[in-house]
Amino acid sequence: MNRVVPEQEHAWRVGTAPGIFPFIGHGIALYRHPLTFLNSLPAHGDLVEIRLGPQRAWMVCHPELVHQVLMDSRTFDKGGPLYDRLRPLLGDGVGTCPHQAHRRQRRLLQPAFRAARVADHTALMAEEVESVCREWHAGRQVDVSATMLALTTRVISRVLFSDSLDATTGAEIRSCLATIVRGLFVRTVVPVDALFRVPTPANRRYRRAVDRVHAIVDTAIAERRRATSCGDRTDVLGILLTAMADDAGAITGQEVHDQLITLLFAGAESTALCLTSALDLLARHPQEEVLLHSEVDAVLAQGQLAGPDELPRLVRTRLVLTETLRHRPPGWLFTRVTTRETDLAGHRLPPGATVLYSPYLLQHDPASFPDPDRFLPDRWLPGKAVGVPHGAMIPFAAGSRKCIGDAFAMREATMALAFVARNWRLRHLPGHVERLRPAATLGPRSLVMVCEPRGPRPLGTPHRVDSPETWAAAAPRVHDSRTAGGNGVDGA
Ligand code: HEM
């Protein structure tokens, strides 16, 4: 039965989602039809009780309440089923550590992700974009999911360790990531650890994948320590080893490992899914593809990669990416745990309560985004984007735990999408049907498309090119971050 809880001027609705099964709770609905289940929740309240296995949990369905949660990371700390399962993988790095350890860690890493530093990676990103598309030719079937993950893994591994991981290690990381994100999701929606200790093939695969990623990172650290005097490189590993040497005791070898594995994991997966989704959505929306082609043809010569002069002119490219992040946010479901008794929507939550928020749910709420299931990059044109309620667009989250790699991801994705669109049209295979199966992240995981080359720009072709003013406005309205620079999509 729903209750209406008046609190100041807002009468919050607090409810319970129907269809609870003994022991598995809403696990089946969340596992089989997670997006439909999420979209059904706002009808039951602004704060809705659900069951993850036998555990009670609270889904926050209103942007203002999500804002409250994200802005108070002391009370709503990293924790709950997702982060409890991420910790054995990522340790206590910046993404998983509790509030009291966070500020120091974020300060340590933030300089590597500031706009100016991200801009220094433009040439490296360009090299890798060109390299993953080098073998494409007319009629070739490309595994777009694997290619985009190869791209983002190579880019982030160079930023972390200077040298790209060799091809075999890169492929191993990609395969481990795929196993891990699937395994993490089922452990999040049915958080019953005993089930995952049973030595089934799937559980053994998950364990092996986690162990292998740890071993790869350990090897990279050991090689660096053997090869140099630690502090002579300015990549993230160099920064961490220098900080460790300068500040004996404050940063341990374990922390160096945890930060690297966190950045490798977070830096590869989400950006790859965003790019794969964008290419998938463009092929489904030819009229949007035409507009994008018109822009990239005007800004880039064939085979050219965007550099500092071209990036600000890729306005439509960013509209497409922004709408992709709204329509299919790669990070779609996150958990928190309350550290003390607190009020949310006028409802008293005890310490230790599991709270969830979902960028997907907020970004598909018709109250914030009319016709939310349509892919409409024009939503982000000036004059239209202003109607988006505060806090409703949060692909990179908000507050002190906002994504540290937002500007990095947007630059990499803008360069890659513009290059692909300038040179290739990617088509689905005949009869293609891809069901989006959410794992810990959301996006197509086995998308194969066919390459059609695009020729040089025909002389005298008129272009519809969005102006740089559009560019400035093509940013999701996200909350200020207390520590991250930019608004979530700046940085190109
Ligand atoms: C399109 C790409 C990306 C998306 C959509 C995305 C999304 C997010 C979201 C939603 C969070 C907050 C999680 C929560 O509230 O629990 C987050 C955190 C984080 N992301 Fe990203 N991310 C992307 C790319 C990246 C990249 C490229 C990196 C690193 C190079 C990165 C590193 C991190 C880290 C370290 C955190 C934890 C921040 C903290 O707690 O201080 N992400 N990301």
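The values are calculated or read from the model by the stated rules, or taken from the named source; none is laboratory data. Source: prediction; values computed, not measured. FYI the Cβ positions are ideal-geometry reconstructions off the backbone, even for glycines, and counts take in every protein chain you see. For accessibility, only protein heavy atoms count, side chains too; no ligands or nucleic acids. Shrake-Rupley method; radii C 1.70, N 1.55, O 1.52, S 1.80 Å.
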Q | Virtual spin-label span in nm between Thr169 and Glu64, 7 Å along Cα→Cβ | A | 5.1 nm
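Given a Förster distance of 35 angstrom, what is the FRET efficiency for Arg134 paired with Thr252, based on the Cβ-Cβ distance and rounded to 0.05?
Numbers: r = 41 Å, r/R0 = 1.17.
So, using R0 = 35 Å, E works out to roughly 0.30.
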**Q.** Rounded D (µm²/s) - segment 119-238, Kirkwood Rh over Cα pairs, Stokes-Einstein at 37 °C, 0.692 mPa s
**A.** 198 µm²/s
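Keeping the other protein chains in place, figure out the carbon and sulfur percent of the accessible area of the chain, with a 1.4 Å probe.
Values: 10890 of 19890 Å².
Carbon and sulfur: 55 percent of the exposed surface of the chain.
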Q) In square nanometres, what is one fourth of the surface area of the convex hull spanned by the alpha carbons of segment 311-414? A) 7.7 nm²
**Q.** Segment Ala222-Thr200, length gained on full extension (0.36 nm per residue, minus Cα span)
**A.** 4.6 nm
**Q.** Packing-based order for 258-268, 20-30, 356-366, using average beta carbon neighbours within 10 Å, highest first
**A.** 258-268, 356-366, 20-30
Q: For segment 3-473, just the Cα set please: Rg and Dmax, both in angstrom.
A: 22.4, 67
Q. How long is the gain from Ala116 to Ala298 if the chain were fully straight, where each residue apart is worth 0.36 nm and the alpha carbon distance is subtracted?
A. 62.9 nm
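Could you give the DSSP H helices of the chain that reach 30 angstrom or more along their long axis (alpha carbon positions) and whose average Kyte-Doolittle hydropathy is no lower than -0.5? Could the numbers behind the result be given before it?
Working: long enough: 167-189 (34 Å, 0.80); 201-227 (38 Å, -0.90); 253-284 (47 Å, 0.63).
Membrane-span-like by this rule: 167-189, 253-284.
Among 410-423, 91-104, what's the highest-first ranking by average C-beta atoms within 10 angstrom per residue? Provide the component values of the computation, followed by the final result.
Details: 410-423: 25.7, 91-104: 18.4.
Packing order, densest peptide first, comes out as 410-423, 91-104.
Averaged per residue, what accessible surface does the chain expose to a 1.4 Å probe, in Å²? Intermediate values should be presented prior to the final figure.
On the way: 19890 Å² over 492 residues.
Normalised by residue count, the accessible surface of the chain is 40 Å².
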Q. With r defined as the distance between the Cβ atoms of Arg427 and Ala245 and R0 fixed at 60 Å, what FRET efficiency is calculated, to the nearest 0.05?
A. 0.70
Q) So for the pair Arg348, Asp371, with labels modelled 7 Å out along Cα→Cβ, what separation do we get in nm? A) 4.7 nm
Q: Quick one, can you get me the convex hull of the C-alpha atoms of segment 281-345 expressed as volume per residue in Å³?
A: 171 Å³
